[in-house]
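Report on the structure given below.
The values are calculated or read from the model by the stated rules, or taken from the named source; none is laboratory data. Bear in mind that the values here come from a model prediction, so they are computed numbers and not experimental data. All Cβ positions, glycine included, derive from the backbone under ideal geometry; neighbour counts span all protein chains shown. Note: accessible area is taken over every heavy atom of the protein model, side chains too, but ligands, DNA and RNA are not part of it. Shrake-Rupley method; radii C 1.70, N 1.55, O 1.52, S 1.80 Å.
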Amino acid sequence: MTAATHSPLFSPIPDSADAVLDGLDPEQREVATCLRGPMCVLAGAGTGKTRAITHRIAYGVRAGIYQPSSVLAVTFTNRAAGEMRGRLRQLGAHGVQARTFHSAALRQLQYFWPKVIGGAMPRLVDRKIQLVADAAAACGIRLDRGELRDVTAEIEWAKVTQTVPADYGLAAAKAGRETPRDPAEIARLYSLYEDLKQDRSVIDFEDVLLLTVAILQERHDVAEQVRAQYQHFVVDEYQDVNPLQQRLLELWLGERDSLCVVGDASQTIYSFTGATPDYLLDFRARHPGATVVKLVRDYRSTPQIVHLANGLLAQARGRAADHRLELVSQRAPGPDPVYTEYTDEPAEAEGAARRIQELVASGVPASGIAVLFRTNSQSETYEQALADLGVPYQLRGAERFFDRPEVRKAVIALRGAARFGGNDSLLDDAVDLPSQVRAVLSAEDWTPQPPAGSGAVRERWESLAALAHLAQDFAAARPDATLSDLVAELDERANTQHAPTVQGVTLASLHSAKGLEWDVVFLVGVTEGMIPITYARTDEQIEEERRLLYVGVTRAREQLYVSWALSRSPGGRPHRRPSRFLDGLRPGSAGPAGRGLPGVFGGIERGFAATAGAAEAADPMGTAGSSVPRRTRRAPARCRVCGRTLTGGGELKLMRCEDCPSDMDEGLYERLREWRAEQAGRSGQPAFCVFTDKTLMAIAESVPDDEYELARIPGVGMRKLRRYGADVLAICAGQKPGTETGQN
Ligand code: ATP
Ligand code: MG
């Protein structure tokens with residue numbers, strides 16, 4: 001699944017079923033072509049799971065094996081479902097339903113309600129938390145804001161695990177849940193909450209699934225009708241299925257077995273709501289004849305990013321972690337992740353916004369950049385910082401694009417112009433489709449240049465700009481297309497909620513970024529208390545937070561910026577510390593206690609407002625201010641040629657795999673060896689005590705320019721750097737050792 005810039009909006013539709021398989025690796029092909037029987041794909045982030053299943057559906061449809069309308073593809077967010085619909089259309093698989101569990105159930109419930117229950121379906125409640133607050137007030141229980149949130153989450157958990165109020169206490173104890181209040185109190189609140197809903201004739205999000213399940217269970221005629229409609233099921237992100245969704249899936253499936261699930265247990269990020277990777281991991285036990293496919297090639301991210309992702313997973317614990325799959329990047333090397341420490345949150349937001357501004361100025365499309373945070377409340381600071389610099393951003397989910405008033409109005413105007421055709425004077429000077437569209441949009445007060453500033457005006461402009469871009473891409477793909485064709489395309493997109501790309505930096509929570517990808521990702525607010533979030537207390541909760549960070553890291557294709565702030569507000573006490581999950585991975589940090597990680601040196605960036613305390617935190621060697629560069633971190637090392645994670649001592653010294661090609665300067669190597677022999681002779685110690693061969697090779701390969709670069713080479717510790725650094729750098733610079741001024 002891709003955000004924005006990488007999937008051309010109108011790539012040519014494959015001209016045959018076989019052509020759908022082009023661009024799949026052998027394992028993905030297996031997923032796409034084994035169309036019968038249960039299948040389970042277990043694979044890490046960015047390995048092409050979503051790609052494999054969309055191609056599977058498209059292949060099935062194009063080969064005539066699946067009736068499009070008999071396929072139901074299910075995923076977890078509207079955004080992901082919209083993206084999947086878009087992909088299916090591009091592959092020529094029209095008419096396939098791709099929905100979230102919720103929207104598929106809602107549709108069925110709306111359809112069957114009048115027949116099964118009678119009357120109109122009750123309204124869906126928009127603010128569950130308010131109802132819980134009302135229930136608390138009604139029974140005289142005082143809840144603070146945090147408790148209110150936690151009790152609401154408990155009610156949701158009870159519902160998705162199909163636990164009634166009377167059983168809540170027992171079920172919560174059995175599941176080992178840390179309840180925010182006395183379980184008997186929560187059960188009371190839960191019961192009252194259900195009564196209140198009934199009194200007010202509303203249903204909640206979970207009721208949609210519960211009621212659909214109840215109807216399918218009790219009414220065989222309805223179940224048969226649904227089963228006659230849907231025969232093949234595909235579920236993406238199956239690690240996040242909860243027992244209620246699983247039950248619904250089983251009811252849809254009946255006795256049949258045309259089910260394909262894909263998932264990554266390491267990306268389980270909804271277990272606090274009752275989701276569990278157990279259904280994914282136990283798939284074969286439940287479906288003994290199932291084909292299980294594993295994918296390990298990561299097509300999304302550079303070796304540098306994959307390396308960090310693997311490093312995070314290496315520290316994970318628990319059932320999901322037992323099934324982790326080490327990712328192998330298929331991409332060319334890119335820049336190292338950048339870690340930046342700031343004094344306070346506004347400084348962090350400003351720092352990120354400035355960097356984003358530079359990236360956009362250097363040609364990175366804004367839509368290829370995302371800022372991801374742990375809680376939605378962090379969004380505002382970033383909105384403000386981006387707005388201050390005039391950088392466009394988008395918050396709204398792609399699914400609502402066609403509901404935006406400006407888009408609706410523009411589509412009506414385009415439809416009108418298409419109807420008038422050449423007789424519309426608006427179009428007099430417009431020679432081609434893109435300029436016709438621009439002319440119509442101009443009549444809606446749209447200008448090709450963005451307005452200054454941000455906010456609603458800018459968002460409106462971005463929506464219309466997205467339509468203008470879409471027209472351009474459409475005309476490029478279909479040169480003889482008319483305005484009427486474009487309007488038909490827009491209608492179809494509106495029906496399938498396939499939104500065009502809006503140019504703007506995406507601001508999103510880590511949870512909502514699941515399945516998506518961007519060229520550049522900023523992971524912000526990576527502190528203790530934020531990730532892991534303060535209320536994550538049990539080991540399982542902490543592990544879930546780690547997986548959430550893993551999801552964040554693996555959203556990046558090329559560049560990753562990780563940052564944190566030491567205090568909340570300017571002038572505040574700098575008491576925060578970076579997330580424990582980065583220990584051993586970020587510059588300036590030791591590995592997690594008792595867990596050795598292979599080490600290299602690296603750098604940490606300092607936000608422009610960093611404090612002395614921050615400098616100290618990032619400088620455990622206490623060398624800041626001295627002329628010797630800091631030895632800043634221990635972190636997993638990777639081959640500088642192919643990017644593979646290095647583990648052996650020899651390869652760690654070389655900073656490449658032993659069999660990857662060497663680009664060593666042979667002459668330099670020889671000069672270094674001569675110098676080493678001289679040093680060893682002078683001090684009466686063996687040559688390898690000065691530097692080993694591998695270290696000399698690594699120096700001759702990387703030809704460091706300064707002490708900092710030299711210090712990054714494994715085998716060049718502080719002591720050796722002080723003692724030999726100047727000599728080695730002089731030799732590397734083609735000078736005679738001992739000739740440099742200032743040498744001691
Ligand atoms: P996630 O776990 O984050 O959901 P995923 O396993 O679903 O990831 P996709 O989103 O399907 O992965 O693919 C990741 C990226 O790799 C996409 O840009 C996709 O187009 C690309 N990709 C996948 N398979 C291939 C392939 N065989 N050749 C080239 N690119 C590929
Ligand atoms: Mg995916």
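Odds and ends about this structure:
- Filter pass, Gln239 being within 16 Å of ligand 2 (Cβ to nearest atom) and either in the same structural domain as Leu42 (by TED's automatic domain parsing) or touching a residue at least 60 places away in the same chain (Cβ under 8 Å) (or both): yes
- Take the conditions (1) outside any strand (DSSP E or B); (2) more than 19 Å from Glu348 (Cβ to Cβ); (3) within 15 Å of ligand 1 (Cβ to nearest atom); Glu545 misses just one of them, which is (3).
- Hits in segment 502-553 (condition: within 15 Å of ligand 2 (Cβ to nearest atom) and of a type in the set (Ser, Thr, Tyr)): Ser512, Tyr550
- Pairs meeting the criteria (first residue in segment 426-451 and without any contact (Cβ under 8 Å) to a residue 40 or more places away in the chain, second residue of a type in the set (Lys, Arg), beta carbons under 9 Å, at least 6 apart or on different chains) are Ala430/Arg438; Glu444/Lys409; Trp446/Arg438; Trp446/Arg460; Pro448/Arg438; Pro451/Arg458; Pro451/Arg460.
- Within segment 513-538, residues that are without any contact (Cβ under 8 Å) to a residue 60 or more places away in the chain have Cβ atoms under 8 Å from residues that are among the small types (Gly, Ala, Ser) in these pairs: Val526/Ser563; Val526/Ser579; Thr527/Ala565; Thr527/Ser579; Glu528/Ser579; Pro532/Ser579, counting only partners at least 6 apart in sequence or on another chain.
- Among the residues of segment 698-729, those that are assigned to a loop (DSSP other than H, G, I, E, B) and either within 29 Å of Asp659 (Cβ to Cβ) or outside the structural domain of Glu670 (by TED's automatic domain parsing) (or both) comprise Val703, Pro704, Asp705, Arg712, Ile713, Pro714, Gly715, Val716, Gly717.
- Within segment 283-300, the set of residues being in contact with a helix residue (DSSP H, G or I) (Cβ under 7 Å, 6 or more places away or on another chain) and surrounded by 15 or more Cβ atoms within 10 Å (Cβ to Cβ) comprises Ala290, Val293, Leu295, Asp298.
- Count - residues of segment 301-326 that are open to solvent by 10 Å² or more (accessible area, probe 1.4 Å) and within 16 Å of ligand 2 (Cβ to nearest atom): 1
- Residues of segment 134-146 that turn out to be surrounded by 17 or more Cβ atoms within 10 Å (Cβ to Cβ) and assigned to a helix (DSSP H, G or I), as a count: 2
- Any hit, segment 172-180, residues being in contact (Cβ under 8 Å) with a residue 60 or more places away in the chain, within 34 Å of the chain's Cα centre (by Cα), open to solvent by 10 Å² or more (accessible area, probe 1.4 Å) and away from ligand 2 (no atom under 16 Å from the Cβ): yes
- Subset tally (residues that are of a type in the set (D, E, K, R), assigned to a helix (DSSP H, G or I) and crowded, with 18+ Cβ neighbours inside 10 Å) for segment 234-256: 2
- When each of Leu196, Leu209, Leu189 is tested for being within 28 Å of Ala98 (Cβ to Cβ) and in a helix (DSSP H, G or I), the lone residue that passes is Leu209.
- Top-ranked residue of segment 257-269 - restricted to ones that are in a loop (DSSP other than H, G, I, E, B) and within 14 Å of ligand 2 (Cβ to nearest atom), ranked as surrounded by the most Cβ atoms within 10 Å (Cβ to Cβ): Asp264
- Failed item, numbered, when Met121 is tested on (1) within 28 Å of Gln239 (Cβ to Cβ); (2) touching a helix residue (DSSP H, G or I) at 6+ places or on another chain (Cβ under 6 Å); (3) open to solvent by 20 Å² or more (accessible area, probe 1.4 Å): (1)
- Restricting attention to segment 36-59, the residues being open to solvent by less than 10 Å² (accessible area, probe 1.4 Å), more than 10 Å from ligand 2 (Cβ to nearest atom) and either assigned to a helix (DSSP H, G or I) or touching a His at 6+ places or on another chain (Cβ under 8 Å) (or both) number 4.
- Segment 369-398, residues that are assigned to a loop (DSSP other than H, G, I, E, B) and either free of Cβ contacts under 8 Å to residues at least 12 places away in the same chain or open to solvent by 50 Å² or more (accessible area, probe 1.4 Å) (or both): Leu395, Arg396
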